[in-house]
Amino acid sequence: MKRLVITLLALASLPDLAFAHTGIGSTSAFAAGVTHPFGGVDHLLAMVAVGLWGGLRGGKALWLWPLSFVGAMVVGGALGMEGVPLPFVEQGIVVSILVLGLAVALAIDAPIFVGALVIAAAGVLHGHAHGAEAPLDASGLTYAAGFVLATAALHAAGVGATMLAVRFRKPVLIRMAGLGTAAAGLALVFSGA
């Protein structure tokens with residue numbers, strides 16, 4: 001499965017690599033996709049929190065919850081790229097930061113399916129924002145491959161941090177990170193973001 005994902009991402013980047021000459025087509029779609037999740041604290045916090053929560057929950061949540069986010073994010077990204085409006089996207093993103101942060105801070109042991117639904121809802125909203133902000137000259141597939149790769153890396157960072165904290169018997173650090181994430185979400189709520 002891992003090889004399949006890597007192969008698909010590599011193939012998705014080929015159209016822009018073929019036009020990597022100055023003045024011919026877009027040369028920034030993949031890079032723009034990769035950098036977009038890192039460009040806003042809202043995306044960083046939510047995506048890492050998905051990994052943290054999955055890591056705390058363990059079992060199937062380690063891979064199913066991040067996969068739920070990424071799958072839903074792709075759908076949301078396609079909607080955003082096509083200009084399909086979703087109501088309250090920015091407000092929903094802020095609420096997702098608060099909810100995911102609280103889930104980590106409180107180490108909520110949600111059923112796998114419930115956690116996947118909560119995370120998928122957040123993924124659709126974050127994906128819509130990614131898609132709506134895609135560069136106009138970017139290949140949609142290549143741009144999406146970039147933000148999928150970056151998102152998966154952020155989820156993996158969260159899972160990895162949790163595994164390290166548990167290994168060194170410091171899971172309280174992960175819960176504190178969740179508390180910080182929730183506090184940032186709350187600050188964004190009150191700032192009107």
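The values are calculated or read from the model by the stated rules, or taken from the named source; none is laboratory data. Keep in mind the model is a prediction, meaning the values are calculated, not measured. Glycine gets a Cβ as well: all are built from the backbone with ideal geometry, and neighbour counts include every protein chain shown.
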Fill in the blank from the handout: With criteria (1) over 17 Å from the mean Cα position of the chain (by Cα); (2) touching a residue at least 60 places away in the same chain (Cβ under 8 Å), Phe88 comes up short on (2)
Exercise for the section: Could you run through region 155-182 and say how many residues are farther than 15 Å from Ala107 by Cβ and touching a Pro at 6+ places or on another chain (Cβ under 6 Å)? Expected result: 1
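With Thr181, Thr142 as the choices, which residue is farther than 23 Å from Leu64 by Cβ, of a type in the set (Val, Ile, Thr) and surrounded by 15 or more Cβ atoms within 10 Å (Cβ to Cβ)? Before you say what the answer is, go through the steps one by one.
Values: Thr181 fails: farther than 23 Å from Leu64 by Cβ.
Exactly one residue qualifies, and that residue is Thr142.
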Practice task
Confirm whether Ile108 is in contact (Cβ under 8 Å) with a residue 40 or more places away in the chain, among the β-branched types (Val, Ile, Thr), surrounded by fewer than 22 Cβ atoms within 10 Å (Cβ to Cβ) and farther than 16 Å from Ala72 by Cβ.
Solution key: yes
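Is it true that Val148 is at pLDDT below 95 and under 16 Å from Leu100 (Cβ atoms)?
On the way: at pLDDT below 95: yes; under 16 Å from Leu100 (Cβ atoms): no.
No.
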